[in-house]
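Trainee: Can you keep this structure in mind? I'll have questions shortly.
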Amino acid sequence: MDQNIAPFSVALVVDGYSTGQFYPKAIREKGLRPVHVSSGLEKNSPGLEVYVTGALDQMRHDYDAMFQGWNDIDELIASLAAIAPCCVMPGCEMGVEMADLLALRLGLPGNDSDTSHIRRDKLAMHDTLAKAGLPFLASLATASIDEALAFAAGLDSWPVVVKPLRSAATEGVRFCRSAFELREAFTALLGTFTQFGDQNALVLVQQCAKGREFAVNTVSRDGRHILSDLWAYEKIPTPGGAPLYDRTQLVRTLDQKSRAMIGYAFQVVDALGIRIGPAHTEIMLTDQGPVLIESGARPMGGAFPQDLIRESVGHTQVQWAVDSYVDVEAFAVNAGKEYRPTHAMCMKTLISTQEGAIQAIPAIALAARLPSARYGNFIGAFSKGHVPRTVDLLTSPAYVCLYHQEQAVVDADWAILRELEIEAQNELFEMSPGDASLESQDDWFAHVPDECWLKPEAESQRDADVIWRALGLSAGERVLDCPCGDSRIGLHLARQGAIVTGVDLNPRFIARAGERFAEAKISAELRIGDMRCLSDKNTFDAIVSWFNSFGYFGIEDDFQVLLHFADALRPGGRLLIEAPNRKGILGNLVRRQEAETGKQSSVLWDEVTERLITHLTVTGPDGECEVKSGVRMYSIAQYRLLMQLAGLRLEQVYGEELTPFEETSRRMIMIAVKPKS
C-alpha cells in the first residue's frame with residue numbers, strides 16, 4: 001500500500017455498474033472501504049434511471065456509503081472531502097468524466113479533467129491519434145446528410161460506419177454498404193438520444209476498418225502501462241445494421257502481431273492521456289497493422305465471471321486497477337508477471353432472431369449439458385418473460401460462459417450454441433403462440449380419444465418389419481417400445497425374438513397390450529408410465545418411438561425424454577424416432593372432416609412456436625368438448641442438436657418405408673446411437 005494511504009481509507013467508485021460491480025470486493029481485499037458515487041447522468045435518460053435505481057438497490061450492501069441524487073456539485077465534493085478518500089475510479093463508461101473531475105477537485109490521482117472529452121468522444125479520439133502520428137480512422141461528425149455522403153464518396157471504400165459520438169455497447173452503430181443505407185442510417189440516428197441521455201445532434205461517419213477485432217485491457221500508473229488481459233471478438237455482420245456480438249474469446253498466446261498491437265494500444269492510451277487506472281481499448285488488426293476503433297478509460301464491460309478470469313489469468317483487470325491507484329509496489333510486481341492464461345474462455349452472446357413473449361428458456365437446460373459451460377446470465381429474459389430481436393449488444397437476451405483447459409472443447413461447445421441460434425431458436429427461447437387461436441392445452445394428449453392414437457391393425461406387421469430392419473435388431477435383444485399404445489407393433493417385434501418392454505401413459509392401452517401378449521403366450525414387461533419419468537439405466541439395446549410420439553410437451557420436457565432414452569440405452573444402443581417431416585406436410589394443412597370419427601377438426605401451423613395445432617371436437621363423459629392439441633414439429637437439424645446434447649448421435653434418416661429421405665418425404669425415420677465410450 002502507498003505510504004500516504006492509511007488502513008481503512010475510503011476508495012470512491014463512480015457509477016460502479018457493469019464490471020464496476022466487482023470493485024467493492026477488490027477494494028476490501030486491499031484493506032480499504034468502498035464508497036459509491038453516482039455521476040447523475042442517469043437523470044438524462046428515463047430508461048437508464050430505471051436501470052441505475054435497480055442496480056443501486058442490489059449493490060447497496062456492497063458499499064459503506066452511497067452518494068446519489070445530489071443536486072449541487074460543490075456540496076457533493078464537500079461531503080466527499082469530509083470522508084478523506086484516497087482514490088477515485090470510474091466503474092463504467094458513464095463514470096469516466098465524473099471520476100476525472102472528482103480527482104481534480106479532491107486532489108487525488110487521476111487523468112486530466114481538461115482532456116476527459118477525448119476519452120469519451122469518438123471523433124476527438126481519432127483526431128488526437130492523427131495529431132500524435134498514430135494510425136487512425138478517417139472520421140466526420142456532421143448534421144448534414146449531404147456532407148456525410150460527400151465524405152463517404154471521398155473515402156472511395158464501402159462500407160462506412162455510422163455511430164453516435166458518445167456511446168457504448170454498439171448502440172446506434174450501423175455498417176452502411178451504399179449511399180442508400182448511409183442515408184437511411186444517418187436519418188435514423190440524427191437527433192435521437194443515447195442510453196446515457198446524450199442527444200445525437202451530430203452523427204459520426206467513419207472509415208470502416210477491416211480485419212480481426214481485439215480488446216486490449218490495460219492498467220496504468222504514472223504513465224506506465226501493463227497488459228491485463230487480451231480478448232478477440234467475433235461478430236456477425238447484418239445487412240445495413242450493427243455487427244452482432246457472437247463470441248468474445250480470451251487470447252492465450254501472444255504472437256508477434258499481438259505484441260505489436262499491444263504496443264500500439266500503449267501508444268493510444270498515452271495519446272488519450274490515460275496515465276492511471278484501467279483502459280479498455282478496441283483495436284482492429286488489419287493487413288496494414290493495428291488501428292483504433294475506440295478506447296474507454298474504465299474496465300472492460302460485460303460483467304464477465306471474475307473468478308474464472310482470475311483462475312485462468314491469475315488476476316482481474318479490476319484487481320490490478322485498484323493496485324494502480326493505491327499500491328505502487330504491487331503495480332510494479334504486476335508489471336513483471338508473464339501473461340500466460342491457463343484456460344480457454346469464451347463469452348457466447350446469444351442472438352435472438354425472434355421477438356415476443358416466451359414460455360420457457362430451454363437454453364438453460366441445454367447449455368448445462370455442454371462440457372465447458374460454467375456460467376450463464378438469463379436474468380433479463382427470465383424476469384421479463386420476453387425476448388427482443390437482437391440488433392446490438394444491448395438487445396442480446398443472454399450470454400453463456402464457456403471455460404475449459406482445452407480450446408477444442410470450448411470451440412465445439414460454441415459451435416453447438418451457434419447452430420442452435422441458426423437452426424433452433426425455440427430451443428433457446430421457447431416462444432409463446434402469436435395469438436389465442438394457436439394456443440394448445442398442456443395435457444391435450446390425455447383428452448384425445450383412444451382410437452385417434454392407433455394406426456390400422458393391418459399395418460402393424462409391416463411397421464414392425466420396418467423397425468426391425470431400421471434398427472438391425474437380432475433375436476434376444478431388449479427393446480423398449482415407448483409409448484407403446486396397445487402394443488400391436490410390440491407384439492410383432494416379440495414374435496420375431498425381441499424381449500419387449502412396453503410403457504404407455506394410458507392404462508387402457510396397457511391392459512389391452514397385456515391381453516395381446518397373453519393370447520399369444522409371449523411374455524413382456526408392460527408398465528403404465530410417463531415417458532418423462534423413465535428410470536431405466538443402461539438396460540435396452542434399442543428404443544422405439546413410433547407414429548408421431550415425440551414433441552408432445554414443452555421443449556425442456558421433450559429434451560428430458562431424450563435424456564431418459566439415452567440413460568435407458570446400453571452403450572452402443574440404438575434409438576428410433578418416427579415422426580412427420582415438417583417440410584413435407586406443411587403444404588397440406590386444410591380444414592377437413594374426419595372420416596372415422598365424424599368430428600370436425602381444424603389443423604393450423606404456428607410458425608412462431610413450430611407446433612402443429614389441431615382443434616378437435618371430441619365426445620366425453622360430459623358431452624362434446626374441444627381439445628386443442630399441439631405437436632411440436634422438430635426439423636432434422638433440431639433433432640440432431642437435441643440428440644447430441646442428450647448424449648446421442650444421429651446416424652441415419654430415412655423416409656417412409658426406409659426409402660431415401662428427401663425434403664418432400666411425408667415421414668422421417670431417425671436412427672440415433674448412444675456412443676460406446
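Trainee: Among the numbered criteria (1) open to solvent by less than 10 Å² (accessible area, probe 1.4 Å); (2) modelled with pLDDT under 95; (3) not aromatic (Phe, Trp, Tyr), which single criterion is violated by THR353?
Mentor: The one condition THR353 does not meet is (1).
Trainee: Pairs only if they're at least six apart or on different chains, beta carbon under 7 angstrom, first in segment 654-669 and part of a helix (DSSP H, G or I), second of a type outside the set (S, T, N, Q); list them, first residue then second.
Mentor: GLU656/ARG666; GLU656/ARG667; GLU657/VAL466; LEU658/VAL466; LEU658/ARG469; LEU658/ALA470; LEU658/ILE669
Trainee: Residue by residue through segment 251-261, note down the ones that are of a type outside the set (S, T, N, Q), touching a residue at least 12 places away in the same chain (Cβ under 8 Å) and out of contact with any Pro (no Cβ under 9 Å at 6 or more places or on another chain).
Mentor: Across segment 251-261, the qualifying residue is only LEU254.
Trainee: Moving on. Between GLU338, GLU311, which is assigned to a loop (DSSP other than H, G, I, E, B), farther than 25 Å from GLY172 by Cα and among the acidic types (Asp, Glu)?
Mentor: GLU338
Trainee: In segment 342-400, how many are part of a helix (DSSP H, G or I) and over 26 Å from ALA232 (Cβ atoms)?
Mentor: Here the count works out to 8.
Trainee: Something else: Step by step: first the residues of segment 6-25, then only those that are open to solvent by 10 Å² or more (accessible area, probe 1.4 Å) and of a type in the set (Gly, Ala, Ser), then the one that is farthest from the chain's Cα centre (by Cα). Which residue is that?
Mentor: Among them, the one singled out is ALA6.
Trainee: How many residues does segment 206-250 hold that are in contact with a Pro (Cβ under 8 Å, 6 or more places away or on another chain), open to solvent by 10 Å² or more (accessible area, probe 1.4 Å) and β-branched (Val, Ile, Thr)?
Mentor: Residues meeting the conditions: 1.
Trainee: List the pairs whose first member sits in segment 554-576 and is at pLDDT 95 or above, whose second member is open to solvent by 40 Å² or more (accessible area, probe 1.4 Å) and in a helix (DSSP H, G or I), and whose Cβ atoms are under 7 Å apart, counting only residues at least 6 apart or on separate chains?
Mentor: ASP557/ARG532; GLN560/ARG532; VAL561/ARG532
Trainee: So which of THR614, THR619 is part of a strand (DSSP E or B), in the same structural domain as GLY472 (by the TED database), over 18 Å from LEU575 (Cβ atoms) and under 34 Å from the mean Cα position of the chain (by Cα)?
Mentor: Just a single option satisfies the conditions, and that option is THR614.
Trainee: Oh, and also: Might you let me know whether segment 368-390 holds any residue that is over 22 Å from GLU423 (Cβ atoms) and among the hydroxyl-bearing types (Ser, Thr, Tyr)?
Mentor: Looking for residues that are over 22 Å from GLU423 (Cβ atoms) and among the hydroxyl-bearing types (Ser, Thr, Tyr), one finds at least one in segment 368-390, hence yes.
Trainee: Hey, can you tell me all the residues within segment 356-366 that are aliphatic (A, V, I, L, M) and open to solvent by less than 10 Å² (accessible area, probe 1.4 Å)?
Mentor: Across segment 356-366, the qualifying residues are ALA363, LEU366.
Trainee: Additional query: ALA153 - would you say it is out of contact with any His (no Cβ under 8 Å at 6 or more places or on another chain), of a type outside the set (S, T, N, Q), outside any strand (DSSP E or B) and touching a residue at least 40 places away in the same chain (Cβ under 8 Å)?
Mentor: Taking the combined requirement at face value, the residue does not satisfy it.
Trainee: Of the conditions (1) farther than 25 Å from ARG298 by Cα; (2) surrounded by fewer than 16 Cβ atoms within 10 Å (Cβ to Cβ), PRO159 clears all except one; give me its number.
Mentor: Answer for PRO159: the failing condition is (2).
Trainee: All but one of (1) assigned by the TED database to the domain that holds GLY107; (2) under 27 Å from GLN319 (Cβ atoms); (3) open to solvent by less than 50 Å² (accessible area, probe 1.4 Å) hold for SER45; which doesn't?
Mentor: Of (1) assigned by the TED database to the domain that holds GLY107; (2) under 27 Å from GLN319 (Cβ atoms); (3) open to solvent by less than 50 Å² (accessible area, probe 1.4 Å), only one is false for SER45: (2).
Trainee: Okay, moving on. Which residue is most open to solvent (accessible area, probe 1.4 Å), if the candidates are limited to segment 514-549 and must be part of a loop (DSSP other than H, G, I, E, B) and charged (D, E, K, R)?
Mentor: Ranking the candidates gives LYS521 first.
Trainee: Might you check whether a residue that is basic (Lys, Arg) and in a strand (DSSP E or B) occurs anywhere in segment 183-201?
Mentor: No, every residue in segment 183-201 fails to be basic (Lys, Arg) and in a strand (DSSP E or B).
Trainee: Going through segment 458-493 one residue at a time, which ones are assigned to a helix (DSSP H, G or I), out of contact with any Cys (no Cβ under 6 Å at 6 or more places or on another chain) and under 13 Å from ALA542 (Cα atoms)?
Mentor: ILE467, TRP468, ARG469, ALA470, LEU471, LEU493
Trainee: One residue is enough: does segment 26-34 have a residue meeting the conditions surrounded by fewer than 18 Cβ atoms within 10 Å (Cβ to Cβ), of a type in the set (A, V, I, L, M), more than 27 Å from the chain's Cα centre (by Cα) and farther than 19 Å from PRO305 by Cα?
Mentor: No; the residues of segment 26-34 include none that is surrounded by fewer than 18 Cβ atoms within 10 Å (Cβ to Cβ), of a type in the set (A, V, I, L, M), more than 27 Å from the chain's Cα centre (by Cα) and farther than 19 Å from PRO305 by Cα.
Trainee: Tell me the residue from ALA132, ALA81 that is closer than 19 Å to VAL37 by Cα and of a type in the set (Gly, Ala, Ser), please.
Mentor: Testing whether each residue is closer than 19 Å to VAL37 by Cα and of a type in the set (Gly, Ala, Ser) leaves just ALA81.
Trainee: Looking at (1) at pLDDT 90 or above; (2) open to solvent by 20 Å² or more (accessible area, probe 1.4 Å); (3) not aliphatic (A, V, I, L, M), find the lone condition where TRP605 falls short.
Mentor: (1)
Trainee: Pairs please, first residue from segment 190-205 and aliphatic (A, V, I, L, M), second anywhere and open to solvent by 50 Å² or more (accessible area, probe 1.4 Å), Cβ atoms under 6 Å, 6+ apart in sequence or on different chains.
Mentor: These pairs meet every condition: LEU202/ALA143; VAL203/LEU190.
The values are calculated or read from the model by the stated rules, or taken from the named source; none is laboratory data. As the structure is a computational prediction, the values presented were derived from the model and not from experiment. No Cβ is skipped: glycine too gets one built from the backbone with ideal geometry, and neighbour counts run over all protein chains shown. The accessibility values were calculated without ligands, DNA or RNA, using every heavy atom of the protein model including side chains. Shrake-Rupley method; radii C 1.70, N 1.55, O 1.52, S 1.80 Å.
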